[in-house]
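Here the structure is laid out as structure tokens; the discussion comes afterwards.
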Amino acid sequence: GESVGLHLPTLSVQEGDNSIINCAYSNSASDYFIWYKQESGKGPQFIIDIRSNMDKRQGQRVTVLLNKTVKHLSLQIAATQPGDSAVYFCAENHNDMRFGAGTRLTVKP
Amino acid sequence: GAGVSQSPRYKVAKRGQDVALRCDPISGHVSLFWYQQALGQGPEFLTYFQNEAQLDKSGLPSDRFFAERPEGSVSTLKIQRTQQEDSAVYLCASSPRQGRLAKNIQYFGAGTRLSVL
């Protein structure tokens, strides 16, 4: 069946480096995508979203890229900080909001 | 606080027990969602309320799961005769929007971690 998934379950980066978290989706009809950050013991927190009619959107230190040709979504975090350590989920909204399994980002000082 | 509040934060139940999990959404939010999050997984949709109406319960895994929001604000997720496979974090989210747009703007609570022994 169609699903949302992530390429890597864990990612470790050095403080100050840029991070790239990837997500593959297979439902070509999805028209809205969200990246969430979930810290330990907390609920998911909205980071940034993108509609399917866009291929790039920038926020504060974060950029989301959408490649509809290969059904790929990525989250780029600039100058990664220790406070960025968390699990990151992509989610797609078609008829239901579906979350991927998540990537755990660890930032080394 | 102005966020979504869930209680209890932790719940330990013996297999076969009934449990009730509470969600206090952000005041005035029309929409309310419940999700189940297994360890190491993303949240999975359980059910959706618009005010007091339960418009979608397609994600409830069995008839042991029941949710209500009688006055369109606080919601309770009840699990009867709990099983070990019910062990998970149960997340509640609310939204000021309704319908399909509500899924795009969700504010999550910290969840209730249920452990069934």
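Selection of region A:78-109 for residues being away from every other protein chain (no Cβ under 14 Å), within 29 Å of A:SER28 (Cα to Cα) and surrounded by fewer than 20 Cβ atoms within 10 Å (Cβ to Cβ) yields only A:ALA78.
Every condition in (1) within 14 Å of chain A (Cβ to nearest Cβ); (2) at pLDDT 95 or above holds for B:LYS103 except the one numbered (2). Say we look at region B:8-23 and pick out the residues that are under 15 Å from B:ASP86 (Cα atoms) and in a strand (DSSP E or B); which of these is nearest to the other protein chains (Cβ to nearest Cβ)? Filtering first and then ranking leaves B:TYR10. Can you tell me which residue among B:LEU39, B:LEU77, B:LEU55 is under 21 Å from B:VAL4 (Cα atoms) and open to solvent by 30 Å² or more (accessible area, probe 1.4 Å)? Exactly one of B:LEU39, B:LEU77, B:LEU55 is under 21 Å from B:VAL4 (Cα atoms) and open to solvent by 30 Å² or more (accessible area, probe 1.4 Å), namely B:LEU55. How many residues are more than 9 Å from chain A (Cβ to nearest Cβ) and of a type in the set (Ser, Thr, Tyr) when one looks only at region B:31-65? Final tally of qualifying residues: 4.
Any residue at all in region B:89-99 that's out of contact with any Pro (no Cβ under 9 Å at 6 or more places or on another chain), open to solvent by 10 Å² or more (accessible area, probe 1.4 Å) and either assigned to a strand (DSSP E or B) or free of Cβ contacts under 8 Å to residues at least 40 places away in the same chain (or both)?
For region B:89-99, residues out of contact with any Pro (no Cβ under 9 Å at 6 or more places or on another chain), open to solvent by 10 Å² or more (accessible area, probe 1.4 Å) and either assigned to a strand (DSSP E or B) or free of Cβ contacts under 8 Å to residues at least 40 places away in the same chain (or both): absent.
Filtering region B:24-74 to residues that are part of a loop (DSSP other than H, G, I, E, B), under 11 Å from the mean Cα position of the chain (by Cα) and among the aliphatic types (A, V, I, L, M) leaves B:LEU60, B:VAL74. Of all residue pairs spaced 6 or more apart or on separate chains, those with beta-carbon atoms under 7 Å, a first member in region A:40-58 that is within 14 Å of chain B (Cβ to nearest Cβ) and farther than 16 Å from B:ASN104 by Cα and a second member that is part of a loop (DSSP other than H, G, I, E, B) and open to solvent by 30 Å² or more (accessible area, probe 1.4 Å) are A:GLY41/B:ALA110; A:LYS42/B:ALA110.
The values are calculated or read from the model by the stated rules, or taken from the named source; none is laboratory data. Please read these numbers as outputs of a predicted model, since none were measured by experiment. In this analysis, Cβ positions are derived from the backbone assuming ideal geometry, glycine residues included, and neighbour counts consider all displayed protein chains. When the accessible area is computed, the model is the full protein with side chains, heavy atoms only, and any ligands, DNA or RNA have been set aside. Shrake-Rupley method; radii C 1.70, N 1.55, O 1.52, S 1.80 Å.
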